[in-house]
Amino acid sequence: TLYLQSLKMVGYLSAQYENTTDIIYIQKAVEIVREWHNNYRKDYELLVYPFHNRSVWDDHAVANRALNISHLISVSEEHLSDEDLKLLFEILRFHGHSLTINFKESSDWFKKSNKRMEIQFKNDVTSEGVSIENSAFYHRYVLELLLDLKKTYEKMNMEVPTWVLNIE
């Protein structure tokens, strides 16, 4: 359930939109996020811990879900309605990832999130560049995350941190 709750399919749809610019991928991604939100919104409307469904709020699922929703926003913001943007940012805020698309204007958040990502990747990747899970799937998955991160820095005309550059 981790990858289902991570909304990994939203990341795939966002990437496919980047490759094709076909808006159908964005529409489907938003539909999936809305459906997810409708299924689990009571957890964060009630703010009761432990939450109704623990697998939904697992740290790993929350972090991945925030990344996938952020990716959706970053590639398609001009195609999203105000209502959709409001929902997506509401979900991100609840997840504790107060991200904004313009990271330069929120440098404190950017510095904090960048440091957290660096620590996480240094803990999850060996000095040889292999995922500690010792799985070919995880190795590829982590590599794809790092390459996406590098592409995001470059797209925003920002300096790519050395810990990201060391992946190549």
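Assorted remarks:
- Rounded to the nearest 10 Å², the accessible area of E144 at probe 1.4 Å: 70 Å²
- Most to least packed among 81-93, 127-139, 26-38 [average Cβ atoms within 10 Å]: 26-38, 81-93, 127-139
- Candidate lysines - alpha carbon under 19 Å from K155, same-chain residues fewer than 8 apart omitted: K104, K111
- Pairs beyond 29 Å (Cα-Cα), from K42/K115; K86/K115; K86/K122; K112/K151; K86/K150; K42/K151: K42/K115; K86/K122; K42/K151
The values are calculated or read from the model by the stated rules, or taken from the named source; none is laboratory data. Values in this document were obtained by computation on a predicted structure and should not be read as measured data. So basically every Cβ, Gly included, is an ideal-geometry build from the backbone, and we count neighbours across all protein chains shown. Calculation scope for accessible area: heavy atoms of the full protein, side chains included, ligands and nucleic acids excluded. Shrake-Rupley method; radii C 1.70, N 1.55, O 1.52, S 1.80 Å.
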